[in-house]
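Chemist: After the structure tokens below, expect a handful of questions from me.
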Amino acid sequence: VAYAVKDHTQKVQIFTTRPDTLFGASFIAISAHHELSKALSEKDPGVAAFIKECEALGTSQKAVETAEKKGIKTPYFAICPFDENKKIPIYIANYVLSDYGTGAVVGVPAHDERDYEFAKKYGLDILPVVSLPDGETPDISKGPHVADGLLINSQFLNGLSVTEAIKRAIQKITELNAGYGAVTYRLKDWGVSRQRYWGCPIPIIYCNQCGRHV
């Protein structure tokens, strides 16, 4: 998803697995190595210091998941592609990795544990956009609602199931030329060779005349 930044002369590319929840976004979090972060660090000592703190944390998934979620607000805000009147603040956050998607994620605290923790810490809005299975609005005072339900507070997506809303949201984003849907895989290109080294479960044919074949 492409979000317009500042005076619409810049855009930030957002990766999300839940385009159905974009109406519930209350912030955008970018990694310490995002191009916007780097540009700000050159003129803002506070940002430069925060980036160093993020780098000291490390990039392992365990370190990121267990660390306290921290961020620093940038002077930028983004415009939601579904609602031009909705301005979304942009933060540099220590739990966003540069190699995850585009190094920028949309924060929907009512339906994500990490985003919820971040929003609570910085006093950001927490708007539920997915109901309970019975259609009731979830009580997010004790934590995010991460189960399926029907879309609420979401204009043209209201009443749709999560699966239907994801498809409709991707269709709308594509129509607006503001993004596209894609299938991604977590398999690394070194996967086969590493498994083979360890004694792989990948079937290999051994032939005395023509050698080995996967």
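Chemist: Around V106, with a cut-off of 9 angstrom between Cβ atoms, what is the net charge of the other residues, counting Lys and Arg +1 and Asp and Glu -1?
Modeler: Net charge in that neighbourhood comes out at 0.
Chemist: Further question: Which value in nm describes the separation of the simple spin-label points at S98 and A63, placed 7 Å from the Cα toward the beta carbon?
Modeler: If labels sit at S98 and A63, their model points lie 1.4 nm apart.
Chemist: How much of the accessible area of the chain, probe 1.4 Å, is carbon plus sulfur, in whole percent?
Modeler: That fraction is 51 percent.
Chemist: Under a straight-distance cross-link criterion of Cα-Cα below 18 Å, which lysines are reachable from K62, leaving out those fewer than 8 residues away in the same chain?
Modeler: By straight Cα distance, K62 reaches K70.
Chemist: Using only Cα atoms, figure out Rg for region 28-160 and give it as a multiple of 2.2 N^0.38 Å.
Modeler: Details: Rg = 16.0 Å, N = 133, 2.2 N^0.38 = 14.1 Å.
In units of the 2.2 N^0.38 Å rule of thumb, it is 1.14.
Chemist: For an R0 of 30 angstrom, estimate the FRET efficiency from the Cβ-Cβ distance between D148 and K73 and round to the nearest 0.05.
Modeler: Result of the calculation: an efficiency of 0.40.
Chemist: When we measure straight from the Cα of K43, which aspartates and glutamates land under 18 angstrom away, once same-chain ones fewer than 8 places off are left out?
Modeler: E35, E53
Chemist: Calculate the FRET efficiency for D83 and K38 from the Cβ-Cβ distance with a Förster distance of 30 Å, rounded to the nearest 0.05.
Modeler: So the FRET efficiency works out to roughly 0.55.
Chemist: Report, in listed order, any pair from K38/K121; K87/K167; K38/K142; K11/K142; K121/K167 with a Cα-Cα distance greater than 30 Å.
Modeler: Check vs 30 Å cut-off fails for K38/K142; K11/K142; K121/K167.
Chemist: Additional query: Per residue, how much accessible area does the chain have with a 1.4 Å probe, in Å²?
Modeler: Here the per-residue accessible area is 60 Å².
Chemist: Ok, one more. With only alpha-carbon atoms counted, please give the Rg and Dmax of region 52-116, in Å.
Modeler: Here Rg and the maximum Cα pair distance are 13.0, 38 Å.
The values are calculated or read from the model by the stated rules, or taken from the named source; none is laboratory data. Keep in mind that what you see is a predicted model, and the values were worked out from it rather than measured. Note that each Cβ is placed from the backbone with ideal geometry, even for glycine, and that neighbours are counted across all protein chains shown. Areas reflect the complete protein model, heavy atoms only, side chains present, ligands, DNA and RNA absent. Shrake-Rupley method; radii C 1.70, N 1.55, O 1.52, S 1.80 Å.
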